[in-house]
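What follows is a single structure, written as structure tokens, with notes after it.
The values are calculated or read from the model by the stated rules, or taken from the named source; none is laboratory data. Fair warning: this is a prediction, and the values are worked out from it, not measured in the lab. Note that each Cβ is placed from the backbone with ideal geometry, even for glycine, and that neighbours are counted across all protein chains shown. Ligands, DNA and RNA are stripped out before the accessible areas are found, and what is left, the full protein with its side chains, is counted by its heavy atoms. Shrake-Rupley method; radii C 1.70, N 1.55, O 1.52, S 1.80 Å.
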Amino acid sequence: MMTQHKKGAINFTLRVLCLLVALACAAMLVWQIATRIQGERANDAMRGLYYGASAEEAAPEPQESFSQLLEANPETVGWLSASDSIDFAIVQRDNEYYLTHNFFGEETAEGTAFMDQGNSIYPLDEHLLIHGHNMRDGSVFGDLDLFRDLDYLKENAVATFNTIYEDAQYVPIAVFDISATPGDQDFVDMQTFNFETDEDFMNFVNEAKDRSFFEIPVDVERGDRLLSLVTCSYNNNNGRLVVMLRALRDGETAEAMTALVSEATQK
């Protein structure tokens, strides 16, 4: 005959087994829900890759004015006009090819001006960076050195850089020398295209203004787009000359900004 003690032990064991079964069922249910959520997320990600960006996010059609340039070179990203001699198409591939090839892909010593490989024109980065050789004959960015002269800067106070998607005018805010060698006291990392904070943006701008040969009375604030034209310089170790500009804001005119730059002074 089963004692009361044995009955209690059996009942306890049964309750424990029931609890374990309930916990196992709950764990299985949680696992199934988590697996389903993970699967749905994976499917959403795959759909995004297949169907692509929404109509609002998709890049617009290139401007008609670039149709023939794009046909000649699909890597065309814009047209730069900064002076009589700096007036040509800008391309983008990597940061090597166009050092030794012209717009048409022909191998040449002067290469052609190109946008940094890290830049995006859609969506448009806060800071656009264009490189070009400093050629003795003035081709490519050979005449960028002329911006070291204050009178020349004033005569060429407004530049135009039209991307294949939109047009914009720019005004210089700083002209300065740097080193492209990390660790050098004059090194500046120009390959910063977007900024996490207002402070980061203003620190970048203020360093350029502090280094500038000129006091240019053009203000800059977060939300302004920057454009830097960069070529080789022999004033620093692995030197670069930088002409940094900002885009004109809504309501600003080329005439008004030219008048403002005319007030620039040598430091």
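Structural remarks
- The combined condition, being among the hydroxyl-bearing types (S, T, Y), part of a loop (DSSP other than H, G, I, E, B), closer than 30 Å to P74 by Cβ and in contact (Cβ under 8 Å) with a residue 12 or more places away in the chain, is fulfilled by T192.
- Single residue of the range 152-163 satisfying the filter (in contact with a strand residue (DSSP E or B) (Cβ under 8 Å, 6 or more places away or on another chain) and either open to solvent by less than 10 Å² (accessible area, probe 1.4 Å) or not in a loop (DSSP other than H, G, I, E, B) (or both)) that is farthest from P123 (Cα to Cα): L153
- Across the range 173-189, the qualifying residues are those that are of a type in the set (S, T, N, Q) and assigned to a loop (DSSP other than H, G, I, E, B), and the one among them that is most open to solvent (accessible area, probe 1.4 Å) is Q185.
- Boolean, T197 is more than 24 Å from the chain's Cα centre (by Cα), without any contact (Cβ under 8 Å) to a residue 24 or more places away in the chain and within 25 Å of L124 (Cα to Cα): no
- Single residue of L260, L229, L245 found to be within 15 Å of V158 (Cα to Cα), in contact with a Ser or Thr (Cβ under 8 Å, 6 or more places away or on another chain) and open to solvent by less than 70 Å² (accessible area, probe 1.4 Å): L245
- Qualifying residue in the range 133-141 (condition: surrounded by 19 or more Cβ atoms within 10 Å (Cβ to Cβ), closer than 26 Å to K267 by Cα and in contact with a strand residue (DSSP E or B) (Cβ under 7 Å, 6 or more places away or on another chain)): yes
- Scanning the range 156-194 for residues that are among the acidic types (D, E) and either under 19 Å from the mean Cα position of the chain (by Cα) or at pLDDT 95 or above (or both) turns up E166, D167, D177, D189.
- Checking each residue in the range 90-127 for being part of a strand (DSSP E or B) and crowded, with 20+ Cβ neighbours inside 10 Å picks out I90, V91, F114, M115, H127.
- Single unsatisfied condition, G239 versus (1) at pLDDT below 95; (2) farther than 23 Å from L80 by Cβ: (2)
- Members of the range 132-151 found to be in contact (Cβ under 8 Å) with a residue 12 or more places away in the chain and part of a helix (DSSP H, G or I), listed by number: G142, D143, L144, D145, L146, F147, R148, L150
- Residue match in the range 165-172 (condition: more than 20 Å from G78 (Cα to Cα), open to solvent by less than 60 Å² (accessible area, probe 1.4 Å) and of a type in the set (V, I, T)): no
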